[in-house]
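The values are calculated or read from the model by the stated rules, or taken from the named source; none is laboratory data. Everything quoted here is computed from the prediction, not taken from an experiment. Note that we place each Cβ from the backbone using ideal geometry, even for glycine, and neighbour counts take in every protein chain shown.
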Amino acid sequence: MAVRAEHDRAVLAGLLGRDPVLHAYQLGDLDDFFWPYTSWFRRGDEVVLLYHGVELPTLLAFAAPERVAALSALLVEAAPVLPARLWAHLSPGLEATVSRWYAVSDAAAHLRMAWTDPPRAAAVPAVGEPLGRADLAELRELYAVAYPGNWFDPRMLDTGQYVGVRDRGRLVAVAGVHVWSPRWRVAALGNVTTHPDVRGRGLGAGVVAALCARLRASVDHVTLNVRADNAAAVRLYERLGFTAVAGFTECALTRLTGPAAGSAGAAG
């Protein structure tokens, strides 16, 4: 069974929809908003996504533990047609597969968390107001101070799913989304931060609680990614009713050359 490109969104939605929490980002990328920047590879029931809408293409390869071997077989066949440099999100065990063709660097363990207990968030005082394009300059200023190096796509402000808090007229806390798809009923929180000057006042929890309350009207699954070693963030999300449901690795991949590179099956 050879790997092939998949262009049918209905087919992809059916495969990814078996586990909408694990595949929330891929499901969101089926929307017209992201679809033009995607390439999909399929082998049987397994799917990986290569997203081109960022400077460094990003590979998303997720599977439940019992399906990792099948997804590994897909990556073995897809390796020859993947870019020489990319960023990757990989389920545990897949680093060993890609290391046959790529040098793995900047690896960090992450958690996928799902909002499993909404009443816990309802117990947290919600704060904030919706943000839009008019707030972009202020938002960039906040990220430069409070969350340097984060990945932020200004187009996501157009979703209306960014909430911010101002203190004396200055934007000091924000929670937003990386994915918001009413069609596929999934959302992924992202770009959450609080200015260092006001940390410890509960604004981070309050603004996430406000955003989650907004999202409940349009999606069934709210997820997020967080570094496994970010204990403070993990505790905050647990307080709001999120539960860790899967682990994965984020890493940079640079193709090996010469004798160090492994051999792979041909892509179909």
**Report entry** Test result for Ala103, in the same structural domain as Gly164 (by TED's automatic domain parsing) and either at pLDDT 95 or above or under 22 Å from the mean Cα position of the chain (by Cα) (or both)
**Finding:** no
Query - Only listed residue being at negative phi, of a type in the set (A, V, I, L, M, F, W, C), out of contact with any Leu (no Cβ under 7 Å at 6 or more places or on another chain) and touching a residue at least 60 places away in the same chain (Cβ under 8 Å), chosen from Ala88, Ala84 - result: Ala84
Query raised in the report: Among Gly169, Gly176, Gly200, Gly164, which is within 23 Å of Ala137 (Cα to Cα), of a type in the set (Gly, Ala, Ser) and without any contact (Cβ under 8 Å) to a residue 24 or more places away in the chain?
Result: Gly169
Query raised in the report: Residues in region 236-268 that are at pLDDT below 95 and surrounded by fewer than 16 Cβ atoms within 10 Å (Cβ to Cβ): how many?
Result: 10
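Take Ala209 and tell me if it is buried (at least 16 other Cβ atoms within 10 Å of the Cβ), outside any loop (DSSP other than H, G, I, E, B) and either at pLDDT 95 or above or not charged (D, E, K, R) (or both).
Judged against the criteria, Ala209 is a match.
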Query raised in the report: Quick check: is even one residue across region 32-39 farther than 17 Å from Leu90 by Cα, modelled with pLDDT of 95 or more, in contact with a helix residue (DSSP H, G or I) (Cβ under 6 Å, 6 or more places away or on another chain) and not charged (D, E, K, R)?
Result: no
Query raised in the report: So Ala123 fits all but one of (1) touching a residue at least 60 places away in the same chain (Cβ under 8 Å); (2) of a type in the set (A, V, I, L, M, F, W, C); (3) closer than 18 Å to Arg214 by Cβ; (4) exposed (fewer than 13 other Cβ atoms within 10 Å of the Cβ); what number is the exception?
Result: (1)
Query raised in the report: If a residue has to be more than 22 Å from Ala246 (Cα to Cα), without any contact (Cβ under 8 Å) to a residue 40 or more places away in the chain and not in a strand (DSSP E or B) to count, how many in region 4-27 make the cut?
Result: 5
Query raised in the report: Going by the structure shown, is Trp180 closer than 30 Å to Arg85 by Cα, part of a loop (DSSP other than H, G, I, E, B) and either of a type outside the set (D, E, K, R) or touching a strand residue (DSSP E or B) at 6+ places or on another chain (Cβ under 9 Å) (or both)?
Result: no
Query raised in the report: Out of (1) part of a strand (DSSP E or B); (2) under 20 Å from Cys251 (Cβ atoms), what's the single condition that is false for Trp40?
Result: (2)
Requested in this report: Working carefully through the options Leu30, Leu74, Leu56, find the one that is touching a Lys or Arg at 6+ places or on another chain (Cβ under 8 Å), in a loop (DSSP other than H, G, I, E, B) and under 23 Å from Val245 (Cβ atoms).
Outcome: Leu30
